[in-house]
Structures are given as C-alpha cells and as structure tokens.
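Shown next, in structure tokens, is the structure this report addresses.
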Amino acid sequence: MAKKEKEHRHHHEQSDDHKIGHSEHIGHSYHEEQVEEGIHDDSNSLKQHEHHEHSNDSGHKGGHHHHGDFKGIFLRSLPIGILILLLSPMMDVRLPFQFTFPYSDILVAVLATILLIFGGKPFFQGAIDEFKQQAPGMMALVSLGLSVSYLYSIYAVLARYATDGHIMDFFFEFASLLLIMLLGHWIEMKAVGEAGDAQKSLAELVPKDAHVVLENDLIETRPFAELKVGDLVRVQAGENVPADGLIKRGDSRINEALLTGESKPVEKGIGDTVIGGSTNGEGVLYVEVRETGDQSFISQVQTLIGQAQDQPSRAENLAQKVAGWLFYIAIAAALIAFVVWLYIADIQTAILFTVTTLVIACPHALGLAIPLVIARSTSLGARRGLLVKDREALELANKADVMILDKTGTLTTGEFKVLNMETLNVQHTEAEIAAIMAGMEGGSSHPIAQSIVHYAENQGIQPVRFDSIDVVSGAGVEGSANGRNYRLISQKTFGKDVAMDVPKGATLSILVEDGKPIGTVALGDELKETSKTLIQALKHYHIQPIMATGDNETAAQGLAEELDIEYRANQSPQDKYELVESLKNKGQTVIMVGDGVNDAPSLAIADVGVAIGAGTQVAIDSADVILTQSNPGDIESFIELANKTTSKMKQNLVWGAGYNFIAIPVAAGILASIGITLAPAAGAVLMSVSTVIVAINAMALQLKN
C-alpha cells in the first residue's frame, strides 16, 4: 500500500520548482525531489521566552524582577503588616480602626524588623541588580523608602524612651509601602503568567532511545545520546525519528509539521533524508544517522534561539524610567532640604524634613500603576483568546513597524483542501464531477485524495461506485464505472491547458472520461477567513506585513498577490532569523507570528513573538503572546490591546508619579517661606487618593466589541 500511495502522489503534481536545496545554515540536507509545497514550509513559531527570574535591566527580553515568590511572600507578610497598620498611627494621625497600648511601639518595631527581613528581601536584591546595571529604578526607589522609613522609625522609638519626648515614626508608611509593592508584583506575575520551557519541549521531540540495527539484524535499544554517525536505526510506524539521517530501507510518509509547518505528510523512500523529531507514518524505515549533537536540525535551531536571547530588549519600560527619575529627584530634594534646613533651623528639623521627603517619595500609587493595568489588560485579552505572557510585548507592539507572518497554519489553514472544482462540458454538473472524483479517490489515504473525498462529503454528494481502480505510475489513477473509463491525472500528464481559473501555487488535476476532459479540480492550502481583514488592519496601524515562508516561489507569490503584501519564499530557519535581524538593525520594531519549530529562531530574536495556539508546544512555551483560537483576526485585537494598554500605562504613570513630583519638593519645604508646607497627614491623604485614581483608571480599560 505504501508503494501504491507513493506512485499515486505523482498524479497531483506540484510546481517543478518545488526542489529544496541543501540548507547549509542548519547543517541539514534535503533530497531534491519533494512533493506538495516543500519541506521548509511554514514551520512556525517559537520564541524562548525569558523566565521572570531575570531582572528588568538584565538586557534580556521579557525579564522582570523576580527575586522570590511574591505571592508567598505577600501572604506571609500580610498578617504582620496588618498588625503594624493597626498599631501604628499614619504619619502621627490615629485612624478610627487603630489602637495602642503601653510599649505597643516596641512590638511594632519588632514586627517591622521581621517584615523588613522577610518581605523586603526581594526589593533589596532587586535594588542591588539595578545598581550593578547602573540604572536605579523601581526597586532602588522602594528600597530607599523602606530603609529610610524603617531606620528613622526605629530611631524615633528609641528616642522616645531615651528623652521622654514624642517623635513621629513612619511604621505605617513602611508597612503599607511594602505590602502594596508585594501585592503589585504578585498581581503582575499572576497576570502575565510564567513562560514554558521551550528548550525542554524541543528536546522532547526526539525520542530518548533509538533502535539500532546490528550487523546480524538484531536490534539494540540505545540511548539517543549514544548514537553515532553511521549507525543504522529502525523507526517503527508512529515513532519519532531519533536523528537526522538518510533512508536506507523502506518507504513511508513522514509528518514534519511540528518542525516545518508543512501540513501534509511528505512521501519518503530510499535515498531521502529525514529530520530528527519528525514522526513516521505507516511504514517501517531503516535510517542511517548522518547528523548528531550540535549538527542536528533541532540542535541548530536551539543554538540560534540561544543567540537570539543574547539580544537586549528594546522595551522602554516606562515605569522603570519614571521610578529612576523619582529616585534621583528624591535623593536630590532630600539632600537640598537637609542642607537648607540645617542652615536656617537645626539638625533635628533638617532630619525631619529630609526623612519626610524620602518617605513621601515612596511610590505607593506608582507601584500599582502598571500591575493593575496589566491585570485588567490580561483579563480582557483572555476573553478574546489572547494570552499575554510578557507585558513588554504590549509596549513593543504599540510601536511596531513590521509584522512578519508565517504562511501555513498562520495565514492559511494548513490543510490541503479543494479550492475550486469545475465542469468542462454541459453533459456533467459539478456535483457529478465531484462524485466521480470522490469515487476514484475513496480507497486512498493520501492527503490529496482525502481532500477530494471530504469535499464531496461536505457537499452531501454520494461517490460513484467504481468497478476497478488502478494506479497509473507517475501519472495518477484510472478506473471504470457504468461502462466508461475515467482517468484523474495532472495537467502536465494531460498535456494541454484547460480553461480554469487556478489559484497560484495550487495543484490542478484533470478528470478525463473516455479520453475527453470533463472536469478539473484545484487543490491547495486555503486562506483563513480573517487573513485579509488582518492585513487591512495592519496597514491601518501603519505596520508593514511581510509573509516569510518555506514554500516555493510560485505558491508564495500566489498568496502574497492575493493579500497584496511583500513576501519571502524558500525561507530556512536561518533565513527568517536573518530577515528579522536585518530589520531590527535598521531600527525597526518587529513582530513575528508563527506556529511551529522551524520559525523558532526568528521568533526568539523578534521584539514580539506571537504563537498560533494550534501550533506546537514549543511555540506555546516560548512565545510572548498566544492566540488560543488560531485566528489571524485576533492579531488585530492584540494590536488594539497593545495600543490601549500602553495608553493606560502612561495615564497611570502620570497619576501615580505626578503626586510624587509635586509632593516631594513641597515636603522638602520649598514653599515654606510663604507659609506652605505639606503636613504628614495631608501627604498621606494625597498618597491614598493617587492610588485610588490609578485603580479606577486601570479598570476603565476596554476593547471594542
């Protein structure tokens, strides 16, 4: 049967230029004769998404400070923090729910010490990272506020008992800042989720063990890592190929979709090459190992991914920038306040103004400004089938210049379908033509044959019953029914042109009855319904769409002309990687969309990687954004979400940081000469109002219906 199917494939001839050359970039060669649309078709998306353990300034894409489990730290810190809030007045103003008792301030000091050591640890570690990068930001600002409020408050408690006087402490501000910042980081981490392990998913494509054929034809099970070039391995039906190699015995159809994006199993026989990680069909193959270790296809893809991850992120990280400005402003204002008040008053007054200035600078609202928007954005996206795993993707997508789109499985369905079927004479209807073709193809499991059978089923057409069906080697199939002879052959075999509008890149077959053509069928990969709408939307947003595909020139050109976009054909993983890299080197921000392994390097180096949810686990593990419904139209929703989320972030940063920019100089006493000072209680109220405004503004984020 396998041999029969292999011969049968020739009658659905593809373009003559479907010959895929050797891919010197990835250390893997391909046999010249391949069918359908080529082995390098749209393999699709993978971006090794940086795990959140990296700091924001580490230079890696998608990094966030994550010096610990913020959820766990917050939940354990919450009881201690609540006790401090209940026992310690807010800037010396006792709130209705608060109470004190003799030596309660001692208890608060002890609780604050515990809270600082346990809850403050991730912020101090983050601050160290920022100072190492010479870019103090949010972590440095928070650590500054925590340190000043804690140390001064400890001093205030000790001074009370040493002098019997009253000195205001900032334990309330200390605890509230720490809890809010822990909550904010938890909200953000919960919203964006954790990246999967793409490298692990890649490795799992290759079986752990291989069946090595010995000289006496005995089989020895050997670990994959012990395979050597020249080993002969047996690959049973349904097994994954353990290594790149050359078929020495047997023939079968190989499913390379996970690696190449090619939706149709590829016919393979003696002399053809196979890729490690691809899945064998119904036959048994004996494969001579040609590449192992670093030279294998998957290893080369992993290497390119690793190189891409060394590329620095181009996200501006607005919150980090604003926090950096506030850090320097707070330090400068505090130093100026200390010097000025020391000159015009005394050391105690100078210290009080200095400490108050630094405490007022604590970014309560700023700490929630971004996490609340991200949480809201993530929730809205999830309802639309958009899973955003990296918040920087939203910021970068908002200023995207180019979107590179994979073809098969992204813009097209990735399935071989009937694109057009026509009758060539008045004696037969299209339904009759479909019935005859379906009858001839009913006994075949070939994807092309099955697409015709499914077409007839969907149209409710009953296949014609054939008396006999035979394979015409290298031409197609023939058979007899109702006293007539039929042939279903390629246009090349038929030898004449027929009047039919054939989509570019499609396969055309002719149905011949008693030597006369009576019908035609064009088969190919079908464009998804929302692909054209997506292209229009991208142009509206001034984002240039480029299709990059492993398909041959004819197939790629046909789809590109239909969509009216620029394209690149015959693209290997290295080619796509270099395309993205060249665009980035020109200063353009690039989004890459795909659904398989073959696009892994290009998604890794792109500013934003978008994975089609029906693609490979590798893509899902590693992308910044996942389209769970595999609908190209959802990319438009993602761009809208990115634009509106970034806008809300900027608004919240204005509200969150605006308070600090105004309150810091006033707290430092800049207007004291005209009788205007910021009382601690007033500062606390302004801080709370700013936080509430930030929360309300975040919840106002909406998408179009």
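The values are calculated or read from the model by the stated rules, or taken from the named source; none is laboratory data. Since this is a predicted model, take the numbers as computed values, not measurements. Positions of Cβ are generated from backbone atoms using ideal geometry, with glycine treated the same way; all protein chains shown enter the neighbour counts. These area figures cover heavy atoms from the full protein model, side chains too; ligands, DNA and RNA do not enter into them. Shrake-Rupley method; radii C 1.70, N 1.55, O 1.52, S 1.80 Å.
Leu527 meets the conditions (1) within 19 Å of His454 (Cα to Cα); (2) under 34 Å from the mean Cα position of the chain (by Cα); (3) modelled with pLDDT of 90 or more in every case but one. The failed one is (3).
Quick check: is even one residue across region 498-506 among the charged types (D, E, K, R) and either open to solvent by less than 60 Å² (accessible area, probe 1.4 Å) or modelled with pLDDT of 80 or more (or both)? No, region 498-506 has no match at all. Being closer than 14 Å to Leu372 by Cα, modelled with pLDDT of 75 or more and of a type in the set (A, V, I, L, M): is that true of Ile662 here? When the stated conditions are applied, Ile662 does not pass them.
Against the condition more than 15 Å from Phe170 (Cα to Cα), out of contact with any strand residue (DSSP E or B) (no Cβ under 6 Å at 6 or more places or on another chain), polar (S, T, N, Q) and open to solvent by 10 Å² or more (accessible area, probe 1.4 Å), how does Gln125 come out, does it pass?
Numbers: more than 15 Å from Phe170 (Cα to Cα): yes; out of contact with any strand residue (DSSP E or B) (no Cβ under 6 Å at 6 or more places or on another chain): yes; polar (S, T, N, Q): yes; open to solvent by 10 Å² or more (accessible area, probe 1.4 Å): yes.
The answer is yes for Gln125.
When region 151-180 is examined, which residues are found to be in a helix (DSSP H, G or I), crowded, with 21+ Cβ neighbours inside 10 Å and modelled with pLDDT under 85? Those that are in a helix (DSSP H, G or I), crowded, with 21+ Cβ neighbours inside 10 Å and modelled with pLDDT under 85: Glu173, Leu177. In region 100-115 there is no residue that is under 20 Å from Gly184 (Cα atoms) and among the polar types (S, T, N, Q).
Matching residues to (1) modelled with pLDDT of 70 or more; (2) assigned to a loop (DSSP other than H, G, I, E, B); (3) under 30 Å from Ala140 (Cβ atoms); (4) open to solvent by 30 Å² or more (accessible area, probe 1.4 Å):
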{"residue": "Gly276", "(1), (2), (3), (4)": "yes, yes, no, no"}
{"residue": "Gly283", "(1), (2), (3), (4)": "yes, yes, no, no"}
{"residue": "Glu288", "(1), (2), (3), (4)": "yes, no, no, yes"}
{"residue": "Gln302", "(1), (2), (3), (4)": "no, no, no, yes"}
{"residue": "Gln307", "(1), (2), (3), (4)": "no, no, no, yes"}
{"residue": "Glu316", "(1), (2), (3), (4)": "no, yes, yes, yes"}
{"residue": "Ala319", "(1), (2), (3), (4)": "yes, no, yes, no"}
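Residue count for region 96-121 satisfying the condition of being in a loop (DSSP other than H, G, I, E, B) and surrounded by 13 or more Cβ atoms within 10 Å (Cβ to Cβ): 3.
Could you list, in sequence order, the residues of region 463-497 that are modelled with pLDDT under 80, in a loop (DSSP other than H, G, I, E, B) and within 12 Å of Glu441 (Cα to Cα)? Listed by number, the list is empty, since nothing qualifies. For region 434-442, the condition holds for at least one residue, the condition being that it is within 41 Å of the chain's Cα centre (by Cα) and either open to solvent by 10 Å² or more (accessible area, probe 1.4 Å) or polar (S, T, N, Q) (or both). Exactly one residue among Glu130, Glu173 is under 46 Å from the mean Cα position of the chain (by Cα) and farther than 30 Å from Gly609 by Cα, and that residue is Glu173. The set of residues in region 508-524 being surrounded by 24 or more Cβ atoms within 10 Å (Cβ to Cβ) and in contact with an Asp or Glu (Cβ under 7 Å, 6 or more places away or on another chain) consists of Gly519 alone. Only residues that are open to solvent by 10 Å² or more (accessible area, probe 1.4 Å), in a helix (DSSP H, G or I) and of a type in the set (D, E, K, R): list them for region 554-598, please. Answer for region 554-598, where residues must be open to solvent by 10 Å² or more (accessible area, probe 1.4 Å), in a helix (DSSP H, G or I) and of a type in the set (D, E, K, R): Glu561, Glu562, Asp575, Glu578, Glu581, Lys584. Is there a residue being open to solvent by 10 Å² or more (accessible area, probe 1.4 Å) and at positive phi anywhere in region 132-140? Yes, that holds for at least one residue.
What tally of residues in region 327-369 results from selecting those that are among the aliphatic types (A, V, I, L, M), open to solvent by 10 Å² or more (accessible area, probe 1.4 Å) and within 13 Å of Ala657 (Cβ to Cβ)?
Of the residues in region 327-369, 2 are among the aliphatic types (A, V, I, L, M), open to solvent by 10 Å² or more (accessible area, probe 1.4 Å) and within 13 Å of Ala657 (Cβ to Cβ).
Residues that are surrounded by fewer than 24 Cβ atoms within 10 Å (Cβ to Cβ) and modelled with pLDDT of 90 or more within region 397-420 comprise Ala400, Asp401, Val402, listed in sequence order. Take the residues of region 181-205 that are of a type in the set (Gly, Ala, Ser) and out of contact with any Asp or Glu (no Cβ under 6 Å at 6 or more places or on another chain): which is modelled with the lowest pLDDT? Only one residue tops the list, namely Ala195.
Does region 529-544 contain at least one residue that is farther than 24 Å from Leu641 by Cβ and either touching a Lys or Arg at 6+ places or on another chain (Cβ under 7 Å) or open to solvent by less than 70 Å² (accessible area, probe 1.4 Å) (or both)?
The answer is no, given that none of the residues of region 529-544 is farther than 24 Å from Leu641 by Cβ and either touching a Lys or Arg at 6+ places or on another chain (Cβ under 7 Å) or open to solvent by less than 70 Å² (accessible area, probe 1.4 Å) (or both).
With the structure loaded, tell me whether Ala323 is open to solvent by less than 20 Å² (accessible area, probe 1.4 Å), modelled with pLDDT under 75 and touching a Pro at 6+ places or on another chain (Cβ under 9 Å) or whether it fails that test. Judged against the criteria, Ala323 is not a match. In region 465-488, what residues are open to solvent by 40 Å² or more (accessible area, probe 1.4 Å), without any contact (Cβ under 8 Å) to a residue 60 or more places away in the chain and at negative phi? Correct list: Arg465, Asp467, Ser468, Ile469, Asp470, Glu478, Arg484, Asn485, Arg487. In region 648-655 there is at least one residue matching the filter, namely being in a helix (DSSP H, G or I), of a type outside the set (Gly, Ala, Ser), open to solvent by less than 10 Å² (accessible area, probe 1.4 Å) and under 17 Å from Asn398 (Cβ atoms). Residues that are closer than 30 Å to Lys516 by Cβ and either free of Cβ contacts under 8 Å to residues at least 12 places away in the same chain or of a type in the set (Gly, Ala, Ser) (or both) within region 401-431 comprise Val426, Thr429, Ala431, listed in sequence order.
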